[in-house]
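Data block below; observations after.
The values are calculated or read from the model by the stated rules, or taken from the named source; none is laboratory data. Since we're looking at a predicted model, the values are computed, not measured. Quick reminder, even Gly has a Cβ in these numbers, built from the backbone with ideal geometry, and neighbours come from all protein chains shown.
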């Protein structure tokens, strides 16, 4: 029996040719933005905007009428015509340079008229010039002159009008009108009341309590104890102090013989009438 013929070998179909490999497309390169360029552009635009706005503002302002400046907080400041040499204390301004003399009046004219029988004695008070007394010179008449001068400056002292008279050989009189600046601080009242606390008869002083100046409401006059020193004539002293508004009247009488109350009272009342 013949063997059946062997099945012919089946040749597997050839594999289809492989598709060519597809290379992925590379992303398109992106140009790198220079660092800070946008910020520079924005800043430049802002500067141009400010400059343009400023220019427009100046142009608008230039076309407007001038606007007067507001008044100074201290409109009464005044200065001497010439600069002072170093170390020299300022003298009171003459009436021609003191603006407030024109508005408040000449303080010297408020000093009482010189009594009959008296004569001017400017030499008795060094520092009086043309009826004005410098605050530093006035401070020298007090025991603590340095502290007193500092007090005057802190209390806004403005000016001092002064007169000195004499009668006979030894009797002299001094009248000082001390004016303080007008402010919230009551300089005249503070100074006058402070002096009264140191008068004879106060808690600090000793002696008598003095007497009230009629019609003043705040003034008093005093007689001091006689001052005797070996080799010198006795020194008698009377004083009156009173204030009205921003002005203090400080009045002194000196002699080598006793001073009566009537003498100092009359002088104080005459001065009060002018205030």
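Residues in the range 91-135 that are part of a helix (DSSP H, G or I) and modelled with pLDDT of 60 or more: 104, 107, 108, 109, 110, 122, 123, 135. The one condition from (1) under 31 Å from the mean Cα position of the chain (by Cα); (2) without any contact (Cβ under 8 Å) to a residue 24 or more places away in the chain; (3) under 24 Å from residue 130 (Cα atoms) that residue 179 does not meet is (2).
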